[in-house]
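Laboratory data are not the source of any read-out in this text; all were calculated from the coordinates shown. The structure presented is a predicted model; accordingly, all values stated were derived computationally and were not measured. Reconstructed Cβ throughout: ideal geometry from the backbone, glycine too, with neighbour counts over all protein chains shown.
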Amino acid sequence: MKKRVYSILLTLALLISLVPCAVFASGDGDGLTIDDAIPVSTQGELEHALALTGDLFIEVVDDLALSGGISISSGKTVILRSRLNTVNYPIEIAHGATLINEGSIYSSGYYSDAPISVYGTLDNRSSIEAVHISCNSGGTFVNQAEGLVNRFSPIFAEGGTITNSGTIESYIYSIDGTTSTINGVETNRIRNTNARISYQDMTYTPINIPLNFEKTIGLPGDDSEWILDPLSYSVFAHGFRIHLLAGQTLSVQVVADTLEYLYLLNDSHNRLFDGMAGLDFTVAADGDYYLVVAGYSYASAGSLKIVVHEEPLRGDYDFTDDIEDIASDSWSWTAATKTLTLSGATIAGEILLPEGATIQLTEGTQNYVMKSIESYPYNFAPELTAAVGCRGDLTIQGSGDLLVTSDSYGIFPDGKLVVNGAGEIEVNASSTALSGVAGIDIINCASILAKAWDAAIFSSGSILIEDSSVKAIGNFGIMTSPFEDLLLDGVSVGYFGGDITIRSSHVIAETDSGGSAAIYAGDNLTEEDAEGHAQIILDGAVITQPAAGRIVDTNAYQSRKCQTITNIEGLDMVTDWSQASKRVVISPVYTVTFTDWDERVLSTQSVISGSAAAEPASPEREGYIFAGWNLAFDVVTSNLTIMALYTAAPTPVPTVSPTPTVAPTVAPTAAPTAAPTAAPTAAPTVAPTVAPTTGSGTIAKTGEATSNFMWLPVLLISVAAVCIIGVGTTQYRRRSKRK
């Protein structure tokens, strides 16, 4: 009995040893081995452990937000088990040191500028988001199969070794003058760039702009340089040199697919202006001035509109008073309908409209509105107003184009914003780009691009995007959240957030660098009084990026149970913004209906925009031959009803009718010859050959006999053999016991 118990226990032990399990350090040792690493929970404890002498293993066991830079010295191995927020502070891994990331490394700052300088080894087994990775000479960066480096984490190869078997979404920049070894990375993800230089040493292309002349300059893509900009951020940039006279005003606006930053320098390279996407600056002295257009994209696509004016263009346009009709060459105001019509206008200043106003964009025109306070955008008070403001509801319509840049808010009505049937609208702002306190409706719009340092599209009510194409880039891409302290005519008004509904639209929402979330639907409801928290609602649309992206609850903002999007498997609640998706693509879903000639439905399908519909079986129609479909369906971009096409079947031609005419001449000769010759030849040759192959079926018959009948005697013999062996064994044991 004891032997049986021991045998069972031994078997269980062997089975348990085969089950894979994670090995964690005990956390109570002296750090001499990885299984006895020194546990740390705070930056102070980490720095203390790093200061100890000797080769040591150190384990970070709790989430950690840095309050300053850290350096991992030679001989030290740090194992990161939890989330590390660099908060834009640097990490240096010295020669002979190792950092193993099994948690996550990210930056919650506005910029992807928190560097990890690798001189030793960085072993990534989890995620790295919104940090720079610099792999220096002698350094090694290994991205394991489970490792992820997101698109906001550029990798600079400066002489080290990079080995990838996981996912790298960002680009790897091979620095000129260095030799790096890069393995496991697609060649189109590797680009060459210069060693980082100061903005003072970058290339400035001279441009000549006559007075009051508009010049458009294309951003030269891969010709950008890697620089340390005037605010000490690592960016890619283009430089231009412009000669100006005292009193002249330089106006610049950027139309680009990424968030761009502008710096204006004097001939001593001192900073005169810095802002985003646009500037309007009057110079005080003659001389050369230097324009820096910078961003985190290596290959900016877009253009600059540059105009030099003799006098400042600034002026605020307040239409809230009882103003009569006004008309100019490029804009007009109609008081009765509260309509501001823009017909190729360039306005440097603020526009303030009354409640219920409309902005009409004239077909075929490009219009510009730019608000600038000539200072760093974070000097918010008290100039923090909108480029286009309204004392209530505002409607923007018409097929013309509109570009708005602002060092504070972009378009911001105190009521609801409705953008209906507009052309291309781009809004760049340092606060929020496209706002509507009481709600936002974007309907039937060809192209809306909103870029901001804060939320790109924001409302304290609900947001509806319907039958439109929208791209939003900001700390939040698209966001609803409470706005409880708004004063309207001296009265405090509160709005409490709402749903985000995306209906049959193409939407790209992303955070700039290490922002919070691509999409967040929020409110201020508590669990006690909530009838239903704000939701993200998709109607006729689906999430196509990230893969496995889905809507989940979150309490990451003000501890309220609202909604965002994540692609982390098994996660039902986002508790930290590092878990939220940073880039989300939502594509419309179209209905494709295939019908027969009589409108009978053959197939109805839901197809994601840009995909192909599945062709149903070819229909049949008596007297006709199916000839295909009336519309193409390999790339579906709208709802389609596709009808089957037919051609008339050919009428059979009688073969007997010409016989009476031919018979007197041909029949006496042909009939006796044809009948005896054809019949004997066909019958003996074809029938004996075909019949044995298709009828007797040598392979088929043999297989059927084996599978259907032969298994039974084999099974019976096998069972009998087992029984005989079993009985024999039992008898043998009984006889042995008797002896």
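Things to note:
- Nearest-0.05 FRET efficiency for Lys215 and Thr320, computed from C-beta distance (R0 30 Å): 0.25
- When only Cα pairs below 8 angstrom with a gap of at least 6 residues are kept, the range 586-652 shows a relative contact order of 37 percent.
- Counting neighbouring Cβ atoms within 10 Å and putting the fewest first, the residues Met276, Met643, Met479, Met573 line up as Met573, Met643, Met276, Met479.
- Computed lengthening from Leu571 to Ala145, 0.36 nm per intervening residue step minus Cα-Cα distance: 151.3 nm
- Distance-filtered residues of the range 271-310 - backbone nitrogen under 11 Å, label point 7 angstrom along Ala246 Cα→Cβ: 284-287
- Relative contact order for the range 46-173, counting Cα pairs under 8 Å that sit 6 or more residues apart, in percent: 17
- Virtual spin-label span in nm between Ser41 and Asp222, 7 Å along Cα→Cβ: 5.2
- FRET efficiency estimate (nearest 0.05) - Cβ-Cβ, His269 to Glu310, R0 35 angstrom: 0.85
- Note on Lys582: aspartates and glutamates with a C-alpha under 15 Å away, same-chain residues under 8 apart excluded, are Glu129, Glu169, Asp454, Glu510, Asp512.
- As a size descriptor, the averaged projected area of the C-alpha convex hull of the range 589-648 was calculated at 3.6 nm².
- This ranking places His506, His309 by how few other beta-carbon atoms lie within 10 Å of each, fewest first, which gives His309, His506.
- Per-residue Cβ neighbour rank within 10 angstrom, fewest leading, Ser505, Ser406, Ser618: Ser618, Ser505, Ser406
- Two-decimal ratio, the range 22-195, of alpha-carbon radius of gyration to 2.2 N^0.38 Å: 0.99
- Estimated at 0.36 nm per residue, the fully extended path between Thr53 and Thr163 surpasses their Cα-Cα distance by 36.5 nm.
- Gained length - Ile207 relative to Thr33, 0.36 nm times residue gap less alpha-carbon distance: 56.4 nm
- Note on the range 198-309: Cα Rg divided by 2.2 N^0.38 Å, N the number of residues, gives 0.97.
- Distance between the C-alpha centres of the range 443-473 and the range 165-239: 29 Å, rounded to the whole angstrom.
- Counting Lys and Arg as +1 and Asp and Glu as -1 over every other residue whose Cβ lies under 15 Å from the Cβ of Thr544, the net charge comes to +2.
- Peptide packing for 532-543, 73-84 was compared via the average number of neighbouring C-beta atoms within 10 Å per residue; ordered from the highest value, the list is 73-84, 532-543.
- Between Phe626 and Arg503, the FRET efficiency estimated from the beta carbon spacing at R0 = 45 angstrom works out to 0.80.
- Here the label points at Asp553 and Met643, each 7 Å from Cα along the C-beta direction, are separated by 5.2 nm in the simple model.
- Violating pairs (Cα-Cα greater than 26 angstrom) within the set Lys305/Lys371; Lys371/Lys471; Lys215/Lys371; Lys215/Lys451; Lys371/Lys561; Lys371/Lys416: Lys371/Lys561
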